[in-house]
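Some notes on the structure that comes next.
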Amino acid sequence: MLKGISLLITPELLKIIAEMGHGDELVLADGNFPAASIGKRCVRADGHGCAAVMEALMPLFPLDDFVEAPLAVMEVPHGMFPEDKAPVWDAFRKAAAIDMPDAKFEMMEHDAFMERARAAYAVVQTGETALYGNIIIRKGVVRLG
């Protein structure tokens, strides 16, 4: 065990995020997402929701401030949710604010999201049950000193 690192961050996930470089992307996927067939690397986080895993990651994982939107979610079908926003997105926004309070989200069409997920460095398969509970996060740079 290590001090100061959430128990939601497994050794395998810690290794993955340490290997990632600026511009690499990580998918936090819900329980319905085809993570094993899509991901180049797939890390399990069963029993935890995407937003909880994202919240645990944010103190360790810098969001990319060189792009307009370092976060991406899958568009929901019109009329499925009020204002066409999945309720879980509020929790994503709160988690992102740990690193970047004004982080912007890109809304992506389903097939485009899936293609981008295929190109991601890794996919974290969570036990998230919320519909449209998937997010792609783009890694930024660590600034020291």
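The values are calculated or read from the model by the stated rules, or taken from the named source; none is laboratory data. Keep in mind it's a predicted model, so treat the numbers as computed, not measured. Neighbour counts are summed over all protein chains in view; Cβ atoms, including those assigned to glycine, are modelled from backbone coordinates with ideal geometry. Only protein heavy atoms, including side chains, enter the accessible area calculation; ligands, DNA and RNA are left aside. Shrake-Rupley method; radii C 1.70, N 1.55, O 1.52, S 1.80 Å.
In this structure the chain gives 53 Å² per residue of accessible area when probed at 1.4 Å with all protein chains present. Could you work out the mean projected area of the convex hull around the alpha carbons of the chain, in square nanometres to one decimal? Average of the hull's projected areas for the chain equals 8.6 nm². Between VAL141 and ARG116, how high is the FRET efficiency from 1/(1 + (r/R0)^6) when r is the Cβ-Cβ distance and R₀ = 22 Å? Nearest 0.05. Once the sixth-power term is evaluated, E becomes 0.60. Taken over the range 1-77, the percentage of Cα pairs per 10 Å bin, counting from 0 up to the bin with the maximum distance, is 15, 51, 31, 3, 0. From helices alone, the chain scores -7500 deg cm²/dmol at 222 nm; the rule is -39500 (n - 2.57) for each run of n ≥ 4 DSSP H residues, then divide by the residue total. Size descriptors for the range 98-144: radius of gyration and Dmax over Cα atoms are 12.8, 38 Å.
Each Lys and Arg Cβ is given +1 and each Asp and Glu Cβ -1; about its Cα centre, the range 1-78 then shows a dipole of about 400 debye. Applying the criteria of a DSSP loop state and at most 11 other Cβ atoms within 10 Å to the trypsin sites (Lys or Arg not before Pro) of the range 74-145 yields ARG143.
Please compute the contact order of the range 1-109 in relative form: average sequence separation of alpha-carbon pairs under 8 Å and at least six residues apart, divided by the residue count, as a percent. It rounds to 28 percent for the range 1-109.
Rounded to two decimals, what is Rg over Rh for the range 35-119 when you use alpha-carbon atoms and the Kirkwood radius? For the range 35-119, the value is 0.95. In terms of distances greater than 29 angstrom between alpha carbons, the cross-link table entries LYS40/LYS104; LYS3/LYS104; LYS3/LYS85 yield LYS3/LYS104; LYS3/LYS85. Across the chain, the longest piece that holds none of the GluC sites (Glu not before Pro) lying in DSSP loops with up to 14 other C-beta atoms within 10 Å covers 1-67. Against the criterion of solvent-accessible heavy-atom surface with a 1.4 angstrom probe, ASP102, ASP65 sort, most first, into ASP102, ASP65. Just the number, please: percent antiparallel of the DSSP beta bridges in the range 22-145, rounded to the nearest 5. Around 35 percent of the beta bridges assigned by DSSP in the range 22-145 are antiparallel ones.
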